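*Asks:* Once you've had a glance at the structure underneath, I'll fire off some questions.
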Amino acid sequence: MHVSYIKKEKKARLKVETPEDLWHLSKVLEKGDLITAKTLRKKTIRRGKEIVEGKREAMTLQIELEKTEYRKETHSLKLLGKITLGPEDVKLGSHHSIYVEPGLLLIVQKDWKNYQLDKLRKAGVKKTLVFVCTIDRDGADFAILKDNGIEFHGKKSFKKRSREEEKRDEFYNEIISIMKDQKTIIIAGPGFEKENLYKYIKEKEPELAKRCFTENASERGRSGIREVLRKSGNKILKESRIAEETILVDNFFKELEKEGLIVYGKKETEKALEMGALKELLVSDDKINEFENILNKAEKMQTKIHIISAEHDTGEQFLGFGGIGGFLRFKL
């Protein structure tokens, strides 16, 4: 997402570039925001006493946002609100929905918070999506790591034959055809099968092998993929924002286990902030509206803020824990 902000006018020009941008945008838009964009709307035509709906025409409208509807399955974002600005023949105050898709330019006017702008700017940093293949002797599972979570991309089972231990070329070729268009690939799993696949790729597809890395995992499947994600030492996964959030929340729970320098819960976190003890604030993106006052205080005090997505496992775990907490400078 491309972001340019005019502070005096409280306006942000946002160019949506990818389906993932829609998810990030849905997390910062709030009721009452003024949104201007090019959209389609049916015009009404008066014929004597009769009012007839005309064809849908392209026009630029401004709406006061009432509701957002984001659907992860279809990567779609709908913004519903009342029209506040538009052509003369459009009735102000009537409802309209703006459908946001990649390529659309929006102007959003609101009391922008720094953490909201930072979230959108981070979304604009193009980081390599990581393709993960976990494999064992019986099959392989696939997933892509994205900013808004893990997308699982099915599996391949190994069709056992009488000489299965001697010939697995067909199985390996099927896997290669799936991962061929991916830029960065991690092959993981228990035992030696990941190394066997990597050696085969190196021999048959040397250019593809340059984009492949191997990693240990105790099992294949979804659990294995999540395990790979948690491996903080892997330099490739560190480039993924979801991995950064996973490491952050994991450290939070490690500190919790040893009763270390952390705080959690609304009252406790707010108290730590007011005492100047809060070093870093963690808030689940599903709780932004609920904890907006704390976020505003933290911003004024220049406390580092981390917005944690609830769309991945550790983020969901943090949300279930209350969705707010942080790291302390000193023990309370």
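*Asks:* From the list Asp111, Asp138, pick out the single residue that is modelled with pLDDT of 90 or more, surrounded by fewer than 14 Cβ atoms within 10 Å (Cβ to Cβ) and under 30 Å from Cys212 (Cα atoms). Walk me through it before giving the result.
*Replies:* Working: Asp111 fails: under 30 Å from Cys212 (Cα atoms).
Answer to the check: Asp138.
*Asks:* Of the residues that make up region 63-86, is at least one surrounded by fewer than 16 Cβ atoms within 10 Å (Cβ to Cβ), in a strand (DSSP E or B), modelled with pLDDT under 90 and outside the structural domain of Phe291 (by TED's automatic domain parsing)?
*Replies:* Yes; the residues of region 63-86 include at least one that is surrounded by fewer than 16 Cβ atoms within 10 Å (Cβ to Cβ), in a strand (DSSP E or B), modelled with pLDDT under 90 and outside the structural domain of Phe291 (by TED's automatic domain parsing).
*Asks:* Could you tell me whether Arg41 is surrounded by 13 or more Cβ atoms within 10 Å (Cβ to Cβ), in a strand (DSSP E or B), modelled with pLDDT of 95 or more and not polar (S, T, N, Q)?
*Replies:* no
*Asks:* Condition check: part of a helix (DSSP H, G or I) and within 22 Å of Leu117 (Cα to Cα). Does Glu244 satisfy that?
*Replies:* So Glu244 fits the description; yes.
*Asks:* Now, a different point. Might you let me know whether region 270-288 holds any residue that is buried (at least 16 other Cβ atoms within 10 Å of the Cβ), in contact (Cβ under 8 Å) with a residue 60 or more places away in the chain and closer than 16 Å to His312 by Cα?
*Replies:* Within region 270-288, one or more residues are buried (at least 16 other Cβ atoms within 10 Å of the Cβ), in contact (Cβ under 8 Å) with a residue 60 or more places away in the chain and closer than 16 Å to His312 by Cα.
*Asks:* Moving on to the next point. Pick from region 289-328 the residues that are of a type in the set (Lys, Arg) and touching a helix residue (DSSP H, G or I) at 6+ places or on another chain (Cβ under 9 Å): which of them is surrounded by the most Cβ atoms within 10 Å (Cβ to Cβ)?
*Replies:* Lys297
The values are calculated or read from the model by the stated rules, or taken from the named source; none is laboratory data. Predicted model only: the values in this text are computed from it and were never measured. Every residue, glycine among them, receives a Cβ derived from its backbone with ideal geometry; neighbour counts consider all protein chains shown.
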